[in-house]
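S.K.: Here it is, the structure, as structure tokens.
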Amino acid sequence: MTTPEPRAAHRLPALGDLGRSGIVGSLDGAGVRIALVCGRFNLDITTLLLDGALAELEHLGVGSTDQAVVWVPGAFELPLAARELARTGHFDAVICLGAVIRGETTHYDFVAGECAAGLQRVQLDSGLPVIFGVLTTENLDQAYARAGGALGNKGTEAVSTAVEMVHVVRHVAMLGEGSRISMGAAKAADAVGEPRLDWPPEPEPEPAPEAGALDDLPGPAGSVV
């Protein structure tokens, strides 16, 4: 048996590489409405993230009228803007882009931690995917490497994550509506399409009671007709 090559820890595997069963999202951006919030602090980095995000929106088929870009001063202001965008009811997901680079003081720790916690709270309170596309690096070189450099572009990755999660949330919500959704794994990185209605499985039928066993059935006396 051939041992598969290990995947880099910083790379998000493609949907087609999953190889497991379960409810799987889609990278079909048609009809998906996405807001992007971008911090101006470390602008040279955040504009690269935004460029990558906008290119990926186009690649996945998100219409130009289904996307909006909002600028805020920095990463600390991202959660508030994300909350207000979620409250409009106009968007299916909010992507937050920013860059926090460690300096000589503890300012980095407060900004990065509070930004992450705030975005998580918005996501859980609103029920919308709120994607953390904020770089938190030790230095400028690490940020450039993740903003279109050797390690890819986290803005691009944030868009694919957002579109995938929109479909995951929709499919899971259908479970509560009594629909039956496929648990088959995606077969391609650009997996799209409607969920097949074959999950959860039909329950096994209850065996018919044997003759003379009606007295053993649960329920109040006189309920058997």
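S.K.: Where does each of T137, T105 land when they are ranked from fewest to most other beta-carbon atoms within 10 angstrom? Numbers along the way, then the final one.
M.R.: Values: T137 20, T105 8.
Arranged by neighbour count, lowest to highest, T137, T105 become T105, T137.
S.K.: Follow-up. Decide, for the range 51-92, between rounded, prolate and oblate: order the square roots of the alpha carbon gyration tensor eigenvalues as a ≥ b ≥ c, take rounded if a/c falls under 1.5, and otherwise choose prolate if a/b is larger than b/c, else oblate. Working shown, then result.
M.R.: Working: a/c = 3.02, a/b = 1.45, b/c = 2.08.
It is oblate, given that a/c is not under 1.5 and a/b is not larger than b/c.
S.K.: In terms of the Cα gyration tensor, with a ≥ b ≥ c the square roots of its eigenvalues, is the range 71-131 rounded because a/c is under 1.5, prolate because a/b exceeds b/c, or oblate? Let's see the in-between values first.
M.R.: Values: a/c = 2.95, a/b = 2.19, b/c = 1.35.
Here the range 71-131 falls in the prolate category.
S.K.: While we're on this one: Please state the shape class of the range 1-152: rounded when a/c is under 1.5, otherwise prolate if a/b exceeds b/c and oblate if not, all from the C-alpha gyration tensor. Please report the intermediate quantities before stating the final value.
M.R.: Details: a/c = 1.61, a/b = 1.11, b/c = 1.45.
Judged from the Cα gyration tensor, the range 1-152 comes out oblate (a/c at least 1.5, b/c at or above a/b).
Every read-out reported here was derived from the displayed coordinates using simple, explicitly stated rules and does not represent laboratory data. Bear in mind that the values here come from a model prediction, so they are computed numbers and not experimental data. Here the Cβ is made from the backbone with ideal geometry for all residues, glycine too, and neighbour counts use every protein chain on show.
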